[in-house]
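Peer 1: I have a structure here, written as structure tokens, and I will follow up with some questions on it.
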Amino acid sequence: MSNRYAELGVDERPPEVGELTPPDRTLMGPGPSDVHPRVLNAMSTPLVGHLDPTFVEVMDEVQELLRYTFRTDNKWTIPVSGTGSASMEAAIGNLVEPGDTMLVPTNGYFGGRMKSMAERAGGDGVEVSAPWGEPLDPVDVERAFEEHQPDVFGFVHAETSTGVLQPNVPELTDIAHAHDAYVIADCVTSLGGVEMRVDEWGVDVAYSGPQKCLSCPPGASPLTLNDRAMDKVLDRDEQPRSWYLDLSLLEGYWGDDRSYHHTAPITNVYALREALRLVAEEGIEERWARHRRVAGDLKAGLQELGLEMNAPDEYWLPSLNAVRVPDGVDDGAVIDHLLEEYDLEIASGLGDLEGDIWRIGCMGYSARPKNVEYVLAALEDALSEQGYEA
């Protein structure tokens, strides 16, 4: 056998891989955010089986904590095993059936992803238009409903690509429900950091990721559905195209039976539990206020540097600050300088805003005054390296 490997040019020696030593970054980009030490500690606790009675208790606790954080009483509230895109696809792929029409926004990168997922589920994706960097106007949403009569309406509560927070959420959900449509809310960059009230605001389905305002490593992603939405999922004529994300099957594991479906990412569920415990200890409304307060200091400091925010004050997103790149400044060179000289991460724009903005997160454990002071000082230095003067 060894001769045959040699003939094929295969090196039989084991690869020489050293000890894992990732850099100690300060994460102030669009996610992940810095992870609280208590969450990291929870991930080092002993592993148990995914059907162990102890883990079943953990599952119950995580679901209750998620309900608190989403501001919902929904029974169908779970962490999906996967990143935020998995909870996104679980929401859309289960609620959208072949032949359904889903209305999605054009005002950011993730509206396009909603449309793609709806079409892969066999639905017809149609759009309500708004420029990148602006929220949806209820008048335009009403007009799109009259034109397309969609079965499902999706919107992005906190658009990570533009730094825009969608105001007037109850107005949007009222329009959808008046047309007997279901509402899916993308809360990836808002859950746990920006006010979001699933029940009070009439949201049928909401999904998020753990690595943003919850400051938890990716791997177990929040999802909630009300009874009306879950009834649609369970009454489908055709099974969802994903077996792994089929909520009618996941219900058996996360519902009352706790029957086997897949091996849950146990350590990630531990981490999510601890991250949500931190939310509950702080209090959800105080957590929203902290994000707004600390991000407000960041915004003020950026403006003192002569930098312009991408979003006006009325729909500024505290958890993700989109900052216009000044004329004559190389956005990528600034990002590289911060990473190389300060172990500090921020990010460039996506899609239509690529190269035009920096995206500076202020989320979860990263939303601390000392991080704001650090990023402002480092950014001032990086800009001066390019000859920029406020």
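Peer 1: Ser44 versus (1) within 22 Å of Ser208 (Cα to Cα); (2) hydroxyl-bearing (Ser, Thr, Tyr); (3) open to solvent by 60 Å² or more (accessible area, probe 1.4 Å): which is the lone unmet condition?
Peer 2: (1)
Peer 1: Of everything in segment 8-34 that's open to solvent by less than 40 Å² (accessible area, probe 1.4 Å) and in contact with a Phe, Trp or Tyr (Cβ under 7 Å, 6 or more places away or on another chain), which residue is nearest to Glu159 (Cα to Cα)?
Peer 2: Per the stated criteria, the residue is Ser33.
Peer 1: Moving on. Consider Val329 carefully, then state whether it is of a type in the set (A, V, I, L, M, F, W, C), part of a helix (DSSP H, G or I), at negative phi and in contact (Cβ under 8 Å) with a residue 40 or more places away in the chain.
Peer 2: Against the criterion (of a type in the set (A, V, I, L, M, F, W, C), part of a helix (DSSP H, G or I), at negative phi and in contact (Cβ under 8 Å) with a residue 40 or more places away in the chain), Val329 does not qualify.
Peer 1: Also, I was wondering about something else. Condition first: closer than 28 Å to Pro30 by Cβ and acidic (Asp, Glu). Now tell me which residues in segment 200-237 satisfy that.
Peer 2: Of everything in segment 200-237, those that are closer than 28 Å to Pro30 by Cβ and acidic (Asp, Glu) turn out to be Glu200, Asp204.
Peer 1: Looking only at segment 63-108, which residues are more than 11 Å from Thr224 (Cβ to Cβ), in contact (Cβ under 8 Å) with a residue 60 or more places away in the chain, among the polar types (S, T, N, Q) and touching a Phe, Trp or Tyr at 6+ places or on another chain (Cβ under 9 Å)?
Peer 2: Ser81
Peer 1: Considering only helices (runs of 4 or more DSSP H) fully contained in segment 1-95, which possess at least 2 residues that are within 23 Å of the chain's Cα centre (by Cα), at pLDDT 95 or above and under 30 Å from Tyr374 (Cα atoms)?
Peer 2: By residue number, 37-43.
Peer 1: Could you check, for segment 316-328, whether at least one of its residues is in contact with an Asp or Glu (Cβ under 6 Å, 6 or more places away or on another chain), open to solvent by 10 Å² or more (accessible area, probe 1.4 Å) and more than 23 Å from Leu136 (Cα to Cα)?
Peer 2: So far as segment 316-328 goes, yes, one or more of its residues are in contact with an Asp or Glu (Cβ under 6 Å, 6 or more places away or on another chain), open to solvent by 10 Å² or more (accessible area, probe 1.4 Å) and more than 23 Å from Leu136 (Cα to Cα).
Peer 1: Which one is farthest from Thr173 (Cα to Cα) among residues in segment 246-261 that are open to solvent by 30 Å² or more (accessible area, probe 1.4 Å), in a loop (DSSP other than H, G, I, E, B) and of a type outside the set (S, T, N, Q)?
Peer 2: Across segment 246-261, the extreme among qualifying residues is Tyr260.
Peer 1: In the set Ile357, Ile346, Ile335, which member is under 16 Å from Thr189 (Cα atoms) and either open to solvent by less than 30 Å² (accessible area, probe 1.4 Å) or free of Cβ contacts under 8 Å to residues at least 60 places away in the same chain (or both)?
Peer 2: Of the residues listed, the single one that is under 16 Å from Thr189 (Cα atoms) and either open to solvent by less than 30 Å² (accessible area, probe 1.4 Å) or free of Cβ contacts under 8 Å to residues at least 60 places away in the same chain (or both) is Ile346.
Peer 1: Confirm whether Arg113 is basic (Lys, Arg), more than 15 Å from Ile184 (Cα to Cα) and in contact (Cβ under 8 Å) with a residue 12 or more places away in the chain.
Peer 2: It is false that Arg113 is basic (Lys, Arg), more than 15 Å from Ile184 (Cα to Cα) and in contact (Cβ under 8 Å) with a residue 12 or more places away in the chain.
Peer 1: For segment 269-304, enumerate the residues that are touching a strand residue (DSSP E or B) at 6+ places or on another chain (Cβ under 9 Å), within 26 Å of Ile346 (Cβ to Cβ) and either in contact (Cβ under 8 Å) with a residue 60 or more places away in the chain or among the β-branched types (Val, Ile, Thr) (or both).
Peer 2: Ala271, Leu272, Ala295, Leu298, Leu302 - these are the residues of segment 269-304 that are touching a strand residue (DSSP E or B) at 6+ places or on another chain (Cβ under 9 Å), within 26 Å of Ile346 (Cβ to Cβ) and either in contact (Cβ under 8 Å) with a residue 60 or more places away in the chain or among the β-branched types (Val, Ile, Thr) (or both).
Peer 1: For segment 334-390, give me each residue that is assigned to a loop (DSSP other than H, G, I, E, B) and among the charged types (D, E, K, R).
Peer 2: Asp343, Glu354, Asp356, Arg368, Glu389
Peer 1: Which condition does Glu340 not pass, out of (1) more than 30 Å from Pro79 (Cβ to Cβ); (2) touching a helix residue (DSSP H, G or I) at 6+ places or on another chain (Cβ under 9 Å); (3) surrounded by fewer than 22 Cβ atoms within 10 Å (Cβ to Cβ), if it passes all the others?
Peer 2: It fails just one condition, (2).
Peer 1: Since Glu127 meets every condition but one in (1) more than 25 Å from Leu317 (Cβ to Cβ); (2) among the acidic types (Asp, Glu); (3) touching a Gly at 6+ places or on another chain (Cβ under 8 Å), which condition does it not meet?
Peer 2: Unmet condition: (1).
Peer 1: Are any of the residues in segment 286-294 in contact with a helix residue (DSSP H, G or I) (Cβ under 7 Å, 6 or more places away or on another chain), farther than 28 Å from Asn41 by Cα and surrounded by 13 or more Cβ atoms within 10 Å (Cβ to Cβ)?
Peer 2: Scanning segment 286-294 turns up no residue that is in contact with a helix residue (DSSP H, G or I) (Cβ under 7 Å, 6 or more places away or on another chain), farther than 28 Å from Asn41 by Cα and surrounded by 13 or more Cβ atoms within 10 Å (Cβ to Cβ).
Peer 1: Taking the stated definitions as given, is Ala377 under 21 Å from the mean Cα position of the chain (by Cα), over 16 Å from Pro30 (Cβ atoms) and free of Cβ contacts under 8 Å to residues at least 60 places away in the same chain?
Peer 2: Considered against the rule, which asks whether it is under 21 Å from the mean Cα position of the chain (by Cα), over 16 Å from Pro30 (Cβ atoms) and free of Cβ contacts under 8 Å to residues at least 60 places away in the same chain, Ala377 comes out as no.
Peer 1: Would you mind finding the one in Arg197, Arg241 that is within 14 Å of Ala121 (Cβ to Cβ) and charged (D, E, K, R)?
Peer 2: On inspection, the qualifying residue turns out to be Arg241.
Peer 1: Here is a list of conditions, (1) open to solvent by less than 40 Å² (accessible area, probe 1.4 Å); (2) over 19 Å from Ser248 (Cβ atoms); (3) not small (Gly, Ala, Ser), and Thr77 meets all of them except one; can you say which number that is?
Peer 2: (2)
The values are calculated or read from the model by the stated rules, or taken from the named source; none is laboratory data. What you see is a predicted model; the values in this text were computed from it and never measured. No Cβ is skipped: glycine too gets one built from the backbone with ideal geometry, and neighbour counts run over all protein chains shown. The area values use the complete protein model at the heavy-atom level, side chains included, leaving out ligands, DNA and RNA. Shrake-Rupley method; radii C 1.70, N 1.55, O 1.52, S 1.80 Å.
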